[in-house]
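The values are calculated or read from the model by the stated rules, or taken from the named source; none is laboratory data. Because the structure is a prediction, the values reported are computed rather than measured. Cβ atoms come from the backbone with ideal geometry, glycine included; neighbour counts cover every protein chain shown.
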Amino acid sequence: MNFELAINMAMTLDGKVARPDGKWYGLSSRDDKKRMDVYRSSADALILGKNSLINDDPVIKLRYIDGKDPLPVILIRKGIVKKDRKVFSNPNVRPLVICLNENEMAVKEELSEVAEILALEGNNIQPQEVISILKSRNLNRVLLEGGPTLNYTFQNADLIDVIYLTIVPFLIGKKTLPSIVDGDSEFFHFAEKRWNLTHCEKIGDEVFLRYEKV
C-alpha cells in the first residue's frame, strides 16, 4: 500500500486558520466537524504537535460517524504534555508519543501510564524519521493535524501528498494570524510545485476542497 500524508485545515475567507486569541472555535460548522471525522476514519494515524494539545486540547475520538479511531502520534520536542489532555482519555487507543532523549525521562514520568513512548536521538524530531517510524508499523494513511508550524515542517521536507481545506464564511482581518502553513522562509521552487484540485463541494456556506500534489 502506498503511503499518503494529508493535512486537514479550515480557513477563513481572508486566509486565517485561528482566531485573534490563537484558538479555533465557533468558526466551523457541524458539517465541517463531520467531514473531519470522515477523513479521520479513513486514516491509520494522526500526527499531533505539543502546542495543539496544550492550546486546543482537541477531541480525537470519532464523534459524528461510526468507525475506527486512528492512532494519535504525538510529537514532543521539548518539555512534556500533561496526561489530562483529551487525547489520552480514549481507552481503546493508546497514543504513541515521540520525543527526544533529552526529555524522555520527564515524558515517561508523566505519560508512561497512558501512552507508548519512543525517544529519538539528536536535538530535533525530523519529519522523515517520523514517517519512517509510521511506515515500519504499517501506518500508511496519515493525517497531519499539528497546526501551521508542523505543516510547514513536513511540507518543507516535501512530504505532504494531500491537502483537505474547508473555506468557512468569516473575515477576521488581523494580519499577524497564521495561514495553513507558517515558516520563516518560502518553500524551495514553490512556483514549480503545483497542486491539483481533485474535489470541490459546497455545503451550506462552506466549501470543501481536496488538492493533491502533482
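Quick notes
- Residue satisfying condition, being part of a loop (DSSP other than H, G, I, E, B), at positive phi and of a type in the set (S, T, N, Q), within set ASN123, ASN138: ASN138
- Filtering region 158-214 to residues that are among the aromatic types (Phe, Trp, Tyr), without any contact (Cβ under 8 Å) to a residue 40 or more places away in the chain and touching a strand residue (DSSP E or B) at 6+ places or on another chain (Cβ under 9 Å) leaves only TRP195.
- Selection within region 170-210 - among the hydroxyl-bearing types (Ser, Thr, Tyr), part of a loop (DSSP other than H, G, I, E, B) and more than 20 Å from LEU13 (Cα to Cα): SER185
- Flag if LEU75 is at pLDDT 95 or above, within 21 Å of ILE163 (Cα to Cα) and not hydroxyl-bearing (Ser, Thr, Tyr): yes
- Subset of region 119-149 that is at pLDDT below 95 and within 14 Å of the chain's Cα centre (by Cα) - its residue that is farthest from LYS108 (Cα to Cα): PRO148
- Scanning region 97-115 for residues that are surrounded by 20 or more Cβ atoms within 10 Å (Cβ to Cβ) and in contact with an Asp or Glu (Cβ under 9 Å, 6 or more places away or on another chain) yields VAL97, ILE98.
- All positions within region 70-83 that are out of contact with any Asp or Glu (no Cβ under 9 Å at 6 or more places or on another chain) and either more than 21 Å from MET36 (Cβ to Cβ) or among the basic types (Lys, Arg) (or both): ILE76, ARG77, GLY79
- Applying the condition of being at pLDDT below 95 and within 12 Å of the chain's Cα centre (by Cα) to region 41-55 and asking which residue is surrounded by the fewest Cβ atoms within 10 Å (Cβ to Cβ) yields ASN51.
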